[in-house]
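Following: one structure in structure tokens, then a few remarks.
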Amino acid sequence: MKYLILGMLLISIIVLAGCSQTVVKYQCADGSFVDSATSCSSVSCKTDCPQLDCASCPVKTETKVETKTVTNTVYVCSDLSEVKNKDDCLKADSEGWYEVKTISGASPKATESFTINSAQWRYTLTCTGITEYSMYNLEVKKLVDGQPSQVDFRMMAKCESKGEPSYVYEGKGDYFFDINPVNMGSWTIKVEAKR
């Protein structure tokens, strides 16, 4: 019996010694196996990759649009010319009169309108090819709400070749002339305003 107990004990030792154990291993990013996850070496990005051949790559084009605001002040004169300095519009004589518009013709005519922006204005009528009998009926009219209103009527006014200014009219606004020469001749009306 003593041998039997010893035999059983020996068999138990052999059985216990021959049993397998489970061993845990960790595989690192570089493919190696280690006993602990902290034993893996740190992984860094590779920067030694071969350079790309960009000779055949399409060209990248970027378009940049910038908006810039530029402000230029332009003054429009009464003759519709544009100047940078408003004083350039008013080329006044020594008394302060400056030209607004000059109108010419050789037959009866209602002239185009002109705008007076000053408190006072006047006109000068001159004629060419006249005789001592060259006379004109001349009406000065103002546009009020788009309708003509008579300001002055000069019946049988004698046209002077030297051109003396008429008397001074008062008031801002849009005006025109209705002229009717009795004995034909060409005429010119120069309109002036007081600065």
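Every read-out reported here was derived from the displayed coordinates using simple, explicitly stated rules and does not represent laboratory data. Remember, it's a predicted structure, so these values are computed and weren't measured experimentally. Reconstructed Cβ throughout: ideal geometry from the backbone, glycine too, with neighbour counts over all protein chains shown.
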5 angstrom amide H check on R154, placed H, neighbours 5+ away
L138, E139, V140
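Where does each of 113-124, 144-155 land if you order them by average Cβ count within 10 Å, highest first? Spell out each step's value before the answer.
Values: 113-124: 17.4, 144-155: 10.9.
The peptides rank, most packed first, as 113-124, 144-155.
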Sorted by chain and number, the residues with a modelled amide H under 5 Å from that of A106, at a separation of 5 or more or across chains, are W187
Quick one: what are the phi-derived ³J(HN,Hα) couplings along segment 188-194, Karplus 6.51/-1.76/1.60 with θ = phi - 60°, whole Hz, x for glycine and proline?
9, 10, 9, 9, 10, 10, 8
